[in-house]
Every structure is written in C-alpha cells, then in structure tokens.
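The values are calculated or read from the model by the stated rules, or taken from the named source; none is laboratory data. From a predicted model like this one, the values you see are computed outputs, not experimental measurements. Every residue, glycine among them, receives a Cβ derived from its backbone with ideal geometry; neighbour counts consider all protein chains shown. Accessible surface areas use protein heavy atoms only, side chains included; no ligands, DNA or RNA. Shrake-Rupley method; radii C 1.70, N 1.55, O 1.52, S 1.80 Å.
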Amino acid sequence: DAYAGSTALARDVHKAWQEWQAARQARNDAERLSRESEVERERLTWQIGELSDLNLQPDEWNALSQSHTRLANSAELVQSAQLAVDTLSEQDNSCLTLLAQVQSRLSKLSSLDPRLSDTLSLLDSVDAELREVVYSLRDYASDIDQDPGQLAEMERRLELLMSTARKYRIQPADLSDKLADWQQQLSALEASVDIEALTVAEAASLARYRALAEALSGKRRQAARELSERIAKEMQRLAMGGSRFAIELSALAEPGAHGMESIEYLVAANAGTSLRPLAKVASGGELSRISLAMQVVISQVASVPTLIFDEVDVGIGGRVAEVIGHMLRDLGQRYQVLCITHLPQVASCGKQHWQVSKREQKGQVLSRIAPLDAEQRVLEIARMLGGAELTQTTREHAAEMLASNAAAL
C-alpha cells in the first residue's frame with residue numbers, strides 16, 4: 001500500500017470497515033432485542049389489560065377499606081351514637097339537664113357575687129358545644145348506611161383487589177402504581193430503535209466501504225504487477241538466476257478490515273519450478289536475499305527504522321557478495337541495517353563492526369559481542385580473507401576494501 005501511495009486510502013478502508021461492523025452490530029442487536037421484547041410486549045399488554053379491567057380509582061384500596069370497616073360495624077356505630085345522644089340530652093338526668101340546673105342556680109347567686117358571671121359565661125359556652133355535639137351525633141347516626149347488599153359488594157371488590165395483588169406479589173394499595181409502571185415500560189419498548197432505519201444505515205456503511213475498498217484493490221493490483229517485476233529483477237542480481245517473484249491478490253469470501261483481498265507473496269526459487277508461497281519454499285538464505293531485494297525496491301516508502309539480515313550471504317561469493325554488500329550499504333543510508341555475515345565483501349561495506357564470539361566458562365557456553373575499532377576491523381576483515389594466518393598482503397587488502405567502501409559512504 002505504501003508503494004502504491006495508498007496508505008491513507010488503506011486507513012480510510014479500515015475506518016469504513018469498522019463503521020460498517022458497528023452498523024451491522026447495531027442492527028443485529030436491535031433485531032435480537034426486538035425478538036426478545038416482543039415476548040415482553042405481549043406480557044406487559046396482557047398484564048396492563050388485566051389491571052385496566054379493574055378500573056382502579058385513585059387511593060381506592062384505602063378508601064374502600066375504610067368504608068368496609070365502617071359498614072361492617074354500622075350497627076355498633078349507630079348504637080353508640082344513639083347512646084351518646086341519650087346520655088347528653090334525652091334522659092331525665094342527662095348532661096344538658098344537669099347543666100341547666102347548675103346554670104339556673106348560679107345565675108341567681110351571681111347577683112350576690114358578680115365574680116360568678118365569668119363562670120356562667122363558660123357554662124353557656126359548654127351548653128352550646130354540648131348541644132352541637134348532640135346535633136352532630138344525631139346526623140352521624142342517621143347517615144350511617146346499614147345496607148347488607150352494599151357490604152357484600154364491597155367485600156367482593158376487596159377480595160378481587162387482594163387476589164390480583166397477591167398474584168403479582170405486591171400490596172393492594174400499590175396496584176395503581178404497578179399499572180403506571182407497566183404502561184411506561186410498554187411505551188419504552190414501542191419507542192425502541194427503528195430496525196428499518198438501522199438496516200438502511202448498515203447498507204450505506206457497506207456501500208461506502210466497498211467503494212473505498214474497490215479503489216484500494218485497483219491500486220494494489222497495479223502496484224503488485226510493478227513490484228513483482230522489480231523485485232524479481234533485483235533477485236537476479238543476488239545469485240538467484242531463473243527465479244521468479246509474484247504478488248497474488250485473492251478475493252476474500254467476506255470483506256475484511258484491510259480490504260477485499262488477501263495478499264500472498266509467491267516465489268519460484270529456481271528456473272522451471274512453479275510459484276509457491278514464499279514461506280514454504282525459500283531457505284533461510286534465500287529469504288534474506290529476497291527480503292533484501294524487496295527492501296531495495298521499497299526503500300523509498302518503507303516505514304520500519306531497522307532492518308536485520310541473517311545468512312544473506314549463504315551460498316554466494318565473489319561478485320554477488322560484493323553486490324549484496326553495496327545493496328546493504330545503500331540501505332544503510334536510510335535505515336539502521338544490521339547484518340550477520342561471514343563474507344569480507346559484505347562486512348567491509350559496513351560503517352561499524354561488532355565481533356560475535358563464544359567461549360566456555362565453568363561449564364557454560366557464553367556468547368560475547370564486542371565493538372571493533374579501526375585496527376581491529378582491518379584484522380577481522382583480513383582474517384575473513386585469509387584465514388587463521390594473517391599476512392601483510394591480506395592486511396593491506398582488508399585495509400583497501402574498508403577504505404574503498406568508506407569513501408563510497
């Protein structure tokens with residue numbers, strides 16, 4: 001994608017894919033919730049209908065309970081009220097009669113002592129209030145309903161409310177609140193997400209994704225052809241004569257986060273062999289050389305800061321080794337390049353050198369890596385050129401190789 005100049009487009013494809021997945025998930029969730037809520041809607045509708053048929057009145061249970069209690073005890077209430085009236089006013093020695101006698105006697109005495117006037121006034125007030133009580137009790141007794149039919153009707157209504165409340169495990173006084181709660185739940189379900197609108201949104205997201213992904217596919221196809229040719233050409237320079245390289249784009253069964261195709265690198269390492277996946281046919285050295293060829297081609301657009309090559313020089317020497325060294329040196333102008341090599345032609349192209357060695361200590365094998373200074377670099381390149389015995393000629397040759405490549409940096 002970087003080689004094709006479509007990195008930004010690839011990011012747009014990935015973002016569009018995420019938006020499409022989110023839209024699809026929202027639609028799936030809504031459909032699932034719709035199926036689940038349909039059962040809930042049916043249950044709420046039936047329960048609301050049952051309570052609505054009761055025609056509940058505000059605070060009906062408390063009011064009905066009080067009326068039932070009063071009606072069930074109406075005989076005792078009437079009898080008690082009448083007894084109170086008789087005691088206050090109807091009997092010979094009733095309260096009002098006795099109070100009248102006291103008032104009459106004190107009224108005669110008040111002429112003898114004016115201080116009794118205040119007491120008489122209080123007695124007058126008591127007399128007025130007692131008479132008011134008598135009138136109120138008479139009205140109360142006459143208003144009490146003693147209809148057995150009405151009592152039976154109240155008892156049927158109370159039993160209906162009680163059995164309904166028991167069915168839903170609530171108190172009878174809470175039936176009205178439960179009805180309002182169910183009605184609110186039903187309204188919320190009926191106002192749930194519009195599945196049709198979500199389906200339209202999902203289709204729009206998919207269409208946007210496909211438009212971006214198809215544009216990306218076109219750029220990838222064009223870049224794949226060009227990259228394949230250029231990488232194959234570089235491979236020929238790396239002692240891989242007759243080899244071929246191809247980038248295959250295969251349509252995915254389901255559009256993916258990074259486009260509508262899978263991308264596979266194919267290679268034929270030798271002339272006459274068929275193209276096969278790179279990871280299955282290439283040896284370690286071939287992989288390093290193919291990777292080197294790829295990095296050379298895409299070096300202008302690659303984003304990795306460090307490149308590591310191992311066994312890139314396996315099975316080669318002479319001119320090809322020198323080509324590889326120059327390639328690595330050129331890549332080193334743009335990236336940090338680390339290379340493990342046994343060839344002086346490759347090693348001499350490096351700007352810095354480390355020597356890796358092993359030794360045994362107390363029964364353990366230890367690895368050691370040490371940086372080399374200018375003189376040590378010459379000695380190491382000379383050793384790679386001439387073996388264990390170093391001659392002045394190999395030293396001079398090594399120095400010349402290092403100087404020549406340093407001048408090219």
- Query: Residues in segment 330-345 that are acidic (Asp, Glu) and under 46 Å from the mean Cα position of the chain (by Cα): how many?
  - Reply: 0
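Report whether or not GLU196 is in a helix (DSSP H, G or I), acidic (Asp, Glu) and either open to solvent by less than 50 Å² (accessible area, probe 1.4 Å) or closer than 30 Å to SER250 by Cα (or both).
So GLU196 fails the test.
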- Every listed condition ((1) closer than 30 Å to LEU328 by Cβ; (2) modelled with pLDDT of 90 or more) holds for GLY218 save (1)
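Suppose the filter is at pLDDT below 90 and not aromatic (Phe, Trp, Tyr); does LEU186 pass it?
The answer is yes for LEU186.
Out of all the residues in segment 369-399, which are among the acidic types (Asp, Glu) and either under 17 Å from VAL323 (Cα atoms) or loosely packed, with under 12 Cβ neighbours inside 10 Å (or both)?
Across segment 369-399, the qualifying residues are ASP373, GLU375, GLU389.
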- All positions within segment 250-263 that are open to solvent by 50 Å² or more (accessible area, probe 1.4 Å) and of a type in the set (A, V, I, L, M, F, W, C): ALA251, LEU252, ALA253, ILE263
- For segment 206-245, enumerate the residues that are open to solvent by less than 20 Å² (accessible area, probe 1.4 Å), in contact with a helix residue (DSSP H, G or I) (Cβ under 7 Å, 6 or more places away or on another chain) and closer than 26 Å to THR273 by Cβ. ILE231, MET235, LEU238, MET240, SER243, PHE245
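Can you tell me which residue among ALA211, ALA152, ALA188 is under 27 Å from MET260 (Cβ atoms) and assigned to a helix (DSSP H, G or I)?
ALA211
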